[in-house]
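K.L.:
The structure follows.
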Amino acid sequence: MNFSKSAALLERARQIIPGGVNSPVRAFRSVGGTPPFITKGQGSRIYDVDGNSYIDYVCSWGPLILGHRHPAIIRALDNVLEIGTSFGAPTEREIDLAEKIRAAMPSMQMIRLVNSGTEATMSALRVARGFTGRDLSIKFEGCYHGHVDSLLVKAGSGVATLGIPDTAGIPAAFADTTIALPFNSIDALETTFARHGDKIASLIVEPVAGNMGCVPPAPGFLEAARELCTKHGTVLIFDEVMTGFRVAHGGAQQRYNIVPDMTTIGKVIGGGLPIAAYGGRAEIMSKVAPAGPIYQAGTLSGNPLAVSAGIAVLDYLAAHPEIYTELEQRTKQLCAEPPAGVTVNQVGAMFTFFFTDQPVTDYESAKKSDTARFGKFFHHMLESGVYLAPSQFEAGFVSAAHTEADIAATVEAANAFRD
Ligand SMILES: *Cc1c(COP(=O)(O)O)cnc(C)c1O
């Protein structure tokens, strides 16, 4: 494959945008080579400036559960352009979207719309502090909750990919409010709550981790988190920015049947436009301004463009519940024949090929992966017309636009991989 036009654009981008990209992992630093500059997406495919095309398993890092340019979303966007793009004043469709979210995730009794997953988790943490009058938060190593200062401690995603220290640009006083524990360790949770339980405002967790690669919760782990939070008056926050409307219609909380106090969602709920939300028990959410004293605001929050795309995707998913079964089947097919020495984790339409023959259950075991071998596999797949996330520590996503033929072509390409 030829990437010469992409290479020229990267060079130009580097002169004006740090690293040439607007989000770090896009730069291909850990796998090397040139990131293709994309010109168009359609269905399961993306196309680049050099005329290459790929079956896309990044799907904009999760949002595009219906694939690129799904007609339902394009239609909704066309229609909303007739009325305007943003008013900064309330509109009826914001209520519609909030009600549709609550119908799928009843634990979100009240909901506030924001513009990104980062804003959602940042706000949820603040609300938990305001509600409890406490300062500390528990998070898990290798989980990523956006680039919130206090949550970049031992973070996954690009922080893990690039091996960036926890503290650059982050005041120690912020990092000190965070207790980072190993994912899936009930022991660590019990010890921490026994010692600091009355000071912990919130426990935030990706109920299926996706940002150290896909790592499912061990049996009993989410249950233990629920129980300990209830016992100690700590707000349990499920960060379902990735898993919401992805691992089941009602997210991981439906799949594992656990009711969190607060939830953050994003990605899928915007259909590819920037939107996210946080919400939870009415008792907690009624403390948010102007109903209560905890301040949080946004100029473009709830804008009709993003809200309409959100409504379109949620309506489509509600009308086609069979999508989740199909997504799961396709993803299982994709994961059925991994290369030798590879461990596959898969939950719903999320998957990761870890280049280790040991089980991956937390950040320590994820880091045992042979990232150099992953890099070779990544480039082999790219050259074969398959676009995977350019990092070992990311999940892949199958969309409803991926056909049987796409999956078969991907499996064939993976089988042809030689070290
Ligand atoms: C992507 C992600 C975020 C951050 O969302 P942005 O929209 O990128 O700010 C937060 N939490 C989880 C679990 C995510 O996967």
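K.L.:
Give the number of residues within region 160-173 that are open to solvent by 30 Å² or more (accessible area, probe 1.4 Å) and either under 21 Å from the mean Cα position of the chain (by Cα) or modelled with pLDDT of 95 or more (or both).
P.N.:
Going residue by residue through region 160-173, those that are open to solvent by 30 Å² or more (accessible area, probe 1.4 Å) are 162-169, 171-173.
Checking the rest, the ones that are also either under 21 Å from the mean Cα position of the chain (by Cα) or modelled with pLDDT of 95 or more (or both) come to 162-164, 166.
Residues in region 160-173 being open to solvent by 30 Å² or more (accessible area, probe 1.4 Å) and either under 21 Å from the mean Cα position of the chain (by Cα) or modelled with pLDDT of 95 or more (or both): 4 in total.
K.L.:
Would you mind stating whether GLY41 is open to solvent by less than 40 Å² (accessible area, probe 1.4 Å), outside any helix (DSSP H, G or I) and free of Cβ contacts under 8 Å to residues at least 40 places away in the same chain?
P.N.:
Numbers: open to solvent by less than 40 Å² (accessible area, probe 1.4 Å): yes; outside any helix (DSSP H, G or I): yes; free of Cβ contacts under 8 Å to residues at least 40 places away in the same chain: yes.
So GLY41 fits the description; yes.
K.L.:
Counting only residues that are open to solvent by 20 Å² or more (accessible area, probe 1.4 Å) and of a type outside the set (D, E, K, R), which one in region 224-241 is nearest to the ligand (Cβ to nearest atom)?
P.N.:
To start, the set of residues in region 224-241 that are open to solvent by 20 Å² or more (accessible area, probe 1.4 Å) comprises 226-228, 230-233.
Next, from what is left, pick out any that are of a type outside the set (D, E, K, R): 228, 230, 232-233.
Working: LEU228: 21, THR230: 23, HIS232: 24, GLY233: 24 Å.
Out of the qualifying residues, it is LEU228.
K.L.:
If I filter region 161-172 for residues that are touching a strand residue (DSSP E or B) at 6+ places or on another chain (Cβ under 8 Å), within 30 Å of ALA389 (Cβ to Cβ) and away from the ligand (no atom under 14 Å from the Cβ), do I get at least one hit? Step through it out loud before you land on a result.
P.N.:
So the first thing to find is which residues in region 161-172 are touching a strand residue (DSSP E or B) at 6+ places or on another chain (Cβ under 8 Å), and the list is none.
Within region 161-172, not a single residue is touching a strand residue (DSSP E or B) at 6+ places or on another chain (Cβ under 8 Å), within 30 Å of ALA389 (Cβ to Cβ) and away from the ligand (no atom under 14 Å from the Cβ).
K.L.:
Checking LEU125 against (1) touching a Leu at 6+ places or on another chain (Cβ under 8 Å); (2) outside any helix (DSSP H, G or I); (3) not charged (D, E, K, R), which single condition isn't satisfied?
P.N.:
Of everything listed in (1) touching a Leu at 6+ places or on another chain (Cβ under 8 Å); (2) outside any helix (DSSP H, G or I); (3) not charged (D, E, K, R), LEU125 misses just condition (2).
K.L.:
Report whether or not GLY84 is under 27 Å from ILE111 (Cα atoms) and either in contact (Cβ under 8 Å) with a residue 12 or more places away in the chain or not assigned by TED's automatic domain parsing to the domain that holds PHE353 (or both). Working first, answer last.
P.N.:
On the way: under 27 Å from ILE111 (Cα atoms): yes; either in contact (Cβ under 8 Å) with a residue 12 or more places away in the chain or not assigned by TED's automatic domain parsing to the domain that holds PHE353 (or both): yes.
The answer is yes for GLY84.
K.L.:
Sticking with this structure for a sec: Does at least one position in region 204-217 carry a residue that is within 16 Å of the ligand (Cβ to nearest atom), open to solvent by 20 Å² or more (accessible area, probe 1.4 Å) and of a type in the set (A, V, I, L, M, F, W, C)?
P.N.:
For region 204-217, residues within 16 Å of the ligand (Cβ to nearest atom), open to solvent by 20 Å² or more (accessible area, probe 1.4 Å) and of a type in the set (A, V, I, L, M, F, W, C): absent.
K.L.:
Considering GLY197, GLY220, GLY210, which residue is farther than 30 Å from GLU328 by Cβ and of a type in the set (Gly, Ala, Ser)? Write out each step before concluding.
P.N.:
Numbers: GLY220 fails: farther than 30 Å from GLU328 by Cβ; GLY210 fails: farther than 30 Å from GLU328 by Cβ.
Testing whether each residue is farther than 30 Å from GLU328 by Cβ and of a type in the set (Gly, Ala, Ser) leaves just GLY197.
K.L.:
Give ILE284, ILE258 a once-over and let me know the one that is in contact with a helix residue (DSSP H, G or I) (Cβ under 9 Å, 6 or more places away or on another chain) and free of Cβ contacts under 8 Å to residues at least 60 places away in the same chain.
P.N.:
Working: ILE284 fails: free of Cβ contacts under 8 Å to residues at least 60 places away in the same chain.
Result: ILE258 is the single residue among ILE284, ILE258 that is in contact with a helix residue (DSSP H, G or I) (Cβ under 9 Å, 6 or more places away or on another chain) and free of Cβ contacts under 8 Å to residues at least 60 places away in the same chain.
K.L.:
Do we find a residue being within 30 Å of PHE140 (Cα to Cα) and modelled with pLDDT of 95 or more anywhere in region 310-318? Quick ask: steps written out before the conclusion?
P.N.:
The first filter runs over region 310-318 and keeps only residues within 30 Å of PHE140 (Cα to Cα), leaving 310, 314.
Filter once more, so that each one left must be modelled with pLDDT of 95 or more: 310, 314.
Within region 310-318, one or more residues are within 30 Å of PHE140 (Cα to Cα) and modelled with pLDDT of 95 or more.
K.L.:
Further, regarding this structure: Mind checking which residues of region 259-299 are of a type in the set (A, V, I, L, M), more than 16 Å from the ligand (Cβ to nearest atom) and either surrounded by fewer than 17 Cβ atoms within 10 Å (Cβ to Cβ) or over 21 Å from GLY133 (Cβ atoms) (or both)? Steps first, please.
P.N.:
Residues of region 259-299 of a type in the set (A, V, I, L, M): 259, 262, 265, 268-269, 273, 275-277, 282, 284-285, 288-289, 291, 294, 297.
Now drop any that are not more than 16 Å from the ligand (Cβ to nearest atom), which leaves 259, 282, 284-285, 288-289, 291, 294, 297.
Hits for region 259-299 are VAL259, ALA282, ALA289, ALA291, ALA297.
K.L.:
Quick check: anything in region 174-194 within 16 Å of the ligand (Cβ to nearest atom), touching a residue at least 12 places away in the same chain (Cβ under 8 Å) and within 15 Å of the chain's Cα centre (by Cα)?
P.N.:
No.
K.L.:
Does TYR54 meet the test of being part of a strand (DSSP E or B), more than 16 Å from the ligand (Cβ to nearest atom), buried (at least 18 other Cβ atoms within 10 Å of the Cβ) and at pLDDT 95 or above? Working first, answer last.
P.N.:
Numbers: part of a strand (DSSP E or B): yes; more than 16 Å from the ligand (Cβ to nearest atom): yes; buried (at least 18 other Cβ atoms within 10 Å of the Cβ): yes; at pLDDT 95 or above: yes.
Criteria met by TYR54.
K.L.:
Where the second residue is in a helix (DSSP H, G or I) and of a type in the set (D, E, K, R) and the first is closer than 27 Å to MET212 by Cβ and lies in region 1-28, which pairs have Cβ atoms under 7 Å and are six or more apart or on separate chains?
P.N.:
Matching pairs, first to second residue: GLY20/ARG14.
K.L.:
Can I ask one more? Restricting attention to region 138-158, which residues are within 12 Å of the ligand (Cβ to nearest atom) and in a helix (DSSP H, G or I)? Spell out how you get there, then give the answer.
P.N.:
As a first pass, look at region 138-158 and keep what is within 12 Å of the ligand (Cβ to nearest atom): 139-140, 142-148, 151-152, 155-158.
Passing the criteria: LEU151, SER157, GLY158.
K.L.:
Would it be correct to say that GLY250 is closer than 30 Å to THR343 by Cα, surrounded by 24 or more Cβ atoms within 10 Å (Cβ to Cβ) and at pLDDT 95 or above? Step through it out loud before you land on a result.
P.N.:
On the way: closer than 30 Å to THR343 by Cα: yes; surrounded by 24 or more Cβ atoms within 10 Å (Cβ to Cβ): no; at pLDDT 95 or above: yes.
No, not satisfied.
The values are calculated or read from the model by the stated rules, or taken from the named source; none is laboratory data. This one's a predicted model, so the numbers in the text were calculated from it and none came from an experiment. Here the Cβ is made from the backbone with ideal geometry for all residues, glycine too, and neighbour counts use every protein chain on show. Accessible surface areas use protein heavy atoms only, side chains included; no ligands, DNA or RNA. Shrake-Rupley method; radii C 1.70, N 1.55, O 1.52, S 1.80 Å.
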